[in-house]
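Down below is the structure, laid out as structure tokens.
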Amino acid sequence: MANQNAAPFSLSKLALLLPLLQGHDWQKTVEEQLAGGGYRYTLGRVGAMDLMKVVAAVETAAKRNRLIDEEQYREVHALYHAIIEAIQGVGRGTMQFGEILRTVGLTFAVVRGPMFPQGAEPGDWIAVCLYGTIGAPRKGFEHEVLGFGINHV
């Protein structure tokens, strides 16, 4: 996948690739770049018609895997904004699912670390990528979606 002479991917690119390549041979390459770049991350899945269940699943995974300190407001707040931004991409700006008879089945990644591996700028960023399907709650009536959000911690 990656040219050994190429510059390492940024936090954003790795966060996007992680859920897209889940289960693919290239997933290991992405995880190696995450580890080599000093990033922390988690992957998960959520299916729901309720927007708050999507938010809760991503937030719970980030807390459980210690990507954020839940006692630090700024960290929880940064994660929340990244999640909401990603959901806006999935919903095409509409922050509703079940109320308008839409359901989602999503794989998500949360990645935390410097914007660029071994970056010169201090401070962490947190990125959320949602990839999967959205549609009417009926098999075959869905299509693929991708949402991404990023915020500084």
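Readers should treat all values here as calculations from the given coordinates under stated rules, not as data from a laboratory. Just so it is clear, the model here is predicted, and its values are computed rather than measured. Using ideal geometry, Cβ is built from the backbone for each residue, glycine included, and neighbour counts are taken over all protein chains shown.
For the reader, a short list of remarks on this structure follows.
- Leading residue by the ranking (surrounded by the most Cβ atoms within 10 Å (Cβ to Cβ)) among those in region 117-153 that are of a type outside the set (A, V, I, L, M, F, W, C) and touching an Asp or Glu at 6+ places or on another chain (Cβ under 6 Å): Gly149
- Candidates Ile134, Ile84, Ile126, filtered to the one that is of a type in the set (A, V, I, L, M, F, W, C) and part of a helix (DSSP H, G or I): Ile84
- Scanning region 119-141 for residues that are over 21 Å from the mean Cα position of the chain (by Cα) and in contact (Cβ under 8 Å) with a residue 40 or more places away in the chain returns a single hit, Pro137.
- For region 33-71, a tally of residues being free of Cβ contacts under 8 Å to residues at least 12 places away in the same chain and not in a helix (DSSP H, G or I) returns 3.
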